[in-house]
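For reference, the structure discussed in these notes is given below.
All of the numbers you see were taken from the coordinates with simple rules; none came from a lab. Because the structure is predicted, anything quoted here is derived from the model rather than measured. Ideal geometry is used to build each Cβ from the backbone, glycine not excepted, and the neighbour counts take in all protein chains shown.
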Amino acid sequence: MILQGFIGPSDAGDIKWGIGPQISLPTASEDYLEAAGMGGGLSGVVVTKIGNWGLTGVAGHL
């Protein structure tokens with residue numbers, strides 16, 4: 001499970017963005033699904049709306 005939290009400026013115009021922390025928690029139910037374990041890092045998000053479409057990009061580094 002990866003948890004991410006974002007904070008960004010309140011007046012960002014048409015393109016909204018945010019940065020924040022992310023943490024990875026070891027929640028695998030089977031050994032073959034398990035990753036390296038706990039971790040932490042930075043993440044970022046960009047959100048915009050074009051017509052009736054909402055576009056979102058998320059990037060992170062653990």
Requested in this report: Could you run through region 28-54 and say how many residues are farther than 18 Å from Gly5 by Cβ and either among the polar types (S, T, N, Q) or touching a Phe, Trp or Tyr at 6+ places or on another chain (Cβ under 7 Å) (or both)?
Outcome: 3
Query raised in the report: How about region 4-56: which of its residues are in a strand (DSSP E or B), small (Gly, Ala, Ser) and either surrounded by 10 or more Cβ atoms within 10 Å (Cβ to Cβ) or in contact with a Pro (Cβ under 8 Å, 6 or more places away or on another chain) (or both)?
Result: Gly18, Gly20, Ser24, Gly39, Gly40, Gly41, Ser43, Gly44
